[in-house]
Each structure stands twice: as structure tokens, then as C-alpha cells.
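What follows is one structure encoded as C-alpha cells, with my remarks underneath.
Just so it is clear, none of the values below were taken in a lab; they were calculated from the coordinates. Just so it is clear, the model here is predicted, and its values are computed rather than measured. Ideal geometry is used to build each Cβ from the backbone, glycine not excepted, and the neighbour counts take in all protein chains shown.
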Amino acid sequence: MARLILLNKPYDMLCQFTDGEGRATLADVLPVKGVYAAGRLDRDSEGLVVLTDDGRLQARIADPRHKLEKTYLAQVEGRPGPEALAALGKGVMLKDGMTLPAGARMVDTPVWLWPRDPPIRVRKTVPDAWLELTLREGRNRQVRRMCAAVGLPCLRLIRWRVGDWTLDGLSPGGWREA
């Protein structure tokens, strides 16, 4: 039986188990050997990382050809209008081509949200908002680039869901077997 672990990766942690430069890694919070991340999450992003010891399952989760849905919560600078949400929903042209259509909607600040250390920058004259984005592909820094392409720089990014698995009940650095 494949081992499957859900981990809430904290901000400023690499999505790998080793680093020659002394930066925080998954090994700092997950004392489990022989599992590997099914997909990546940037150092400056937070949230759900699925880990497994089954190579075929890892490939099925991570490979964009399988189009496994991933849901992100993005705190953006500015207030998205209907045009920006429609553009995200249809797909956005990036330097590496057009993205697939994404589910995109504005949401309230999550009630379960933990404080980030360090906190995001706040500008008194510029409002911010939260977006929920659901993607079926996983390009490098895609959510951040999509938001920027519609004029909404991303201040904070949290992956909430991968397929049927969610962060529900996991604090930063917390993990559980699925």
C-alpha cells in the first residue's frame, strides 16, 4: 500500500529534503523517510504538499497531463474587477503561452488563516483582496504570473487543495497520513 502524506509547507521553506545552503527544508518538519513531493511549491508560497513513496502515484499527481485540479488562495494587491476575473477564467497569455481556463472568484479572507512570518507588505493607499483560483496545470510560478498579467500582483499564495486532498486542520509545518 502506498504511503501518502499531506503537509502544510510553511512560507520560506524549500519543497525538498536537503539543501547545501542551510535553508529550511521539508526535513525540518517531516520526520518521515522515503517519501517524495508530488509536485513543487515555491519557497515563497505556503500550503498543501502531497508526498508519497509510490513513484507512479507521484507522477500521476504531479504531471499536468493528468489535469488534477489544484486550488490556490491568492492575496492580491488591488481589487479585481469583472474583467480580471473573466480573463483568469478564460486563460491568460504568459511568456510561455496561453494558460488553460481557470476557476477564478473573489473570496473573503479565510477564517482559518494563520499569520505569516514575516507579514506581507501592506500599503495604506492600495486595497488588497483574496482570490480563489483552481487550475488544471502547473507551470512555474503560474498563479503569480497569471495574477500579475491581469494587473493584480500576488502578495501571498496558499495552495489549499490538490485533487480531493485539502489543508483542512493542518497548521504550518503540520502533517498527517491520508
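How do 56-66, 142-152 rank on mean C-beta neighbours within 10 Å, highest first?
Descending mean neighbour count gives 142-152, 56-66.
Can you list the lysines whose alpha carbon sits under 17 Å from that of Lys70, skipping same-chain ones fewer than 8 residues off?
Cross-link targets: Lys9, Lys90.
About the Cα centre, and with charges only on the beta carbon of Lys, Arg (+1) and Asp, Glu (-1), how big is the dipole of the chain? Nearest 20 debye, please.
420 debye
Would you mind putting 34-43, 69-78 in packing order, based on average other-beta-carbon counts within 10 Å, highest first?
Going from most to least packed, we get 69-78, 34-43.
Considering only the other residues whose Cβ falls under 12 Å of the Cβ of Leu94, what net charge follows from Lys and Arg at +1 and Asp and Glu at -1?
+3
Quick one: net charge of Pro82's neighbours, Cβ under 14 Å, K/R +1, D/E -1?
The answer is +2.
Just grab the label-to-label distance for Asp42 and Arg23, each label 7 Å out from Cα along the Cβ direction, in nm (one decimal).
Between Asp42 and Arg23, the label points sit 1.2 nm apart.
Once you charge only the Cβ atoms, +1 for Lys and Arg and -1 for Asp and Glu, what is the size of the charge dipole of the range 69-162 about its Cα centre, to the nearest 20 debye?
Once rounded to the nearest 20, the dipole reads 240 debye.
Tell me which residues come under 5 Å, amide H to amide H, from Gly174 once H is placed; ignore anything under 5 positions away on its chain.
Asn8
Once phi is turned into θ = phi - 60°, what whole-Hz ³J(HN,Hα) does the Karplus curve with 6.51, -1.76 and 1.60 give for every residue of the range 25-35, x standing for Gly and Pro?
10, 4, 4, 6, 10, 10, x, 10, 9, x, 10
Mind listing the phi-derived Karplus ³J(HN,Hα) values for the range 118-133, rounded to whole Hz, using 6.51, -1.76 and 1.60 with θ = phi - 60°, and x for any glycine or proline?
Coupling constants for the range 118-133: x, x, 5, 6, 10, 10, 4, 8, 10, x, 10, 8, 10, 10, 9, 10 Hz.
So, counting K/R as plus one and D/E as minus one, what does the shell of residues with Cβ under 12 Å around Arg116 add up to?
Value of the local net charge: -2.
How long, wide and thick is the range 27-91, going by the Cα atoms along their three principal axes, in whole angstroms, largest first?
Result, largest extent first: 46, 29, 12 Å.
Scan around Val92 for amide H atoms under 5 Å from its own, H built in the peptide plane at 1.01 Å from N, and keep only partners 5 or more places away or cross-chain.
Correct list: Thr99.
Using modelled backbone amide H atoms (1.01 Å from N, in-plane), which distant-in-sequence or interchain residues come within less than 5 Å of Arg161's amide H?
Thr71
Taking 41 Å as R0, compute the FRET efficiency from the Cβ-Cβ separation of Trp112 and Met1 and round it to 0.05.
0.85
How far, in nm, would the chain grow between Val32 and Arg79 when pulled straight, counting 0.36 nm per residue and subtracting the alpha carbon separation?
Additional length available on full extension: 12.8 nm.
Pull out the extension gain between Asp164 and Glu177, defined as 0.36 nm times the separation in residues minus the alpha carbon to alpha carbon distance; nm, one decimal.
Result for the pair: 3.3 nm of gain on full extension.
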